[in-house]
Amino acid sequence: MQIVGTIKEVRELVKSWKKAGETVALVPTMGYLHEGHGSLIEKAKKENDKVVVSIFVNPMQFGPNEDLASYPRDLEKDSAYCQSLGADLIFHPEPEEMYHEGFSSYVDMSVLTEELCGLSRPVHFRGVCTVVSKLFHIVQPDRAYFGEKDAQQLAIIKHMVDDLNIDVEVIGCPIVREDDGLAKSSRNTYLSPEERKAALILSKTIELGKKLVADGETDAEKLVQKMKENIETEPMARIDYVKAVNGLTMQQQKEVKAPMLVAMAVYIGKTRLIDNFILS
């Protein structure tokens, strides 16, 4: 496995692989990898000849008061983990490599970015779409793998690929959870032991939502309200949003019917965590 930091090096390697007739996968990450990322790398390895993992904490997707400076980083640990899973290349650029002086081109989207996380983090998806578009053009993968925990992001990237005719297959992979149900996240490391226990309210509320749907709840507003009430039983939790939206358009819907995404963002202390379930 190699680690490179320049666009030129990535392109030369990928060009040699494709010349040999090999398929290439991309797993975009911000590093501090966990088993959720690992599941993406493993699936990519099974379905492709070569796997590129990008590790880049993208400054463009962080707002002014967000955790860019404190976002956890550990390239040595990440490298060992990627190698153990059979990745072939880590692309680890500096911000200056991705955004040269005078950079002024962006990928903006409407509609899908205006709900859920896009509502409370207004610059976030502009940064996500821009960096993912750049990675697609740099690596030119046959397939790219993303986690369904970031369900809105996954829907947006699929839509962007379709709109801009980018020649890549975008593949979503299921949420990976801790043994007690908490969705794997690099930001879980921010939680104190007490906050870690309190954070279980997210996965418990997801299970409640699934049960309500399985028991026949058809009113999306009632479903969301019951889920909010459950979260509010945890004193350390503060709701950013709980919403039921169309899984393709991200627009709120009143009836429980597929395709539907039921998503939440909840602060536990100062840490913002997300979780969801999909009715497909």
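The values are calculated or read from the model by the stated rules, or taken from the named source; none is laboratory data. All values reported here derive from a predicted model rather than from experimental measurement. Cβ placement follows ideal geometry from the backbone for every residue including glycine, while neighbour counts extend to all protein chains displayed. Only protein heavy atoms, including side chains, enter the accessible area calculation; ligands, DNA and RNA are left aside. Shrake-Rupley method; radii C 1.70, N 1.55, O 1.52, S 1.80 Å.
Some notes on this structure:
- Largest first, the extents of the alpha carbon coordinates of segment 129-272 on the three principal axes equal 47, 37, 24 Å.
- At the listed q of 0.10 Å⁻¹, the Debye profile of segment 68-184, built from one uniform point per Cα, gives log10 I(q)/I(0) equal to -0.37.
- Remark: segment 173-272 carries 51 Å² of accessible area per residue (probe radius 1.4 Å; ligands, DNA and RNA excluded).
- Estimated purely from DSSP H runs of n ≥ 4, each contributing -39500 (n - 2.57), the mean residue ellipticity at 222 nm for the chain is -11500 deg cm²/dmol once divided by its residues.
- Long pairs among Lys8/Lys50; Lys226/Lys257; Lys243/Lys270; Lys43/Lys222; Lys184/Lys226; Lys43/Lys77, criterion Cα-Cα beyond 29 Å: Lys43/Lys222
- Annotation: amide H-H contacts under 5 Å for Gly269 (H modelled 1.01 Å from N, sequence separation of 5 or more, or interchain): Arg238.
- Label-to-label distance for Ala20 and Leu75 is 2.5 nm, based on points extended 7 Å past Cα in the beta-carbon direction.
- Rounded to 5, percent antiparallel among DSSP beta bridges of the chain: 50 percent
- Debye log10 I(q)/I(0) at q = 0.16 Å⁻¹ for segment 79-137, Cα point scatterers: -0.70
- Taking amide H as placed 1.01 Å from N in the peptide plane, the amide H of Arg177 sits under 5 Å from that of Lys184, each at least 5 places away or on another chain.
- Whole-percent carbon and sulfur share, accessible surface of the chain, 1.4 Å: 49 percent
- With the alpha-carbon atoms of segment 1-157 aligned to their principal axes, the span from lowest to highest coordinate is 43, 34, 29 Å, starting with the largest.
- The mean of 1/r over all distinct Cα pairs in segment 201-256, once inverted, gives the Kirkwood hydrodynamic radius of 11.7 Å.
- A Förster radius of 30 Å, combined with the Cβ-Cβ distance separating Ile171 from Lys257, puts the computed FRET efficiency at roughly 0.75.
- Cα-derived Rg over Rh, computed across the chain with Rh taken as Kirkwood radius: 0.97
- The peptide list 173-181, 128-136, put in order of mean Cβ contacts within 10 Å with the highest first, becomes 128-136, 173-181.
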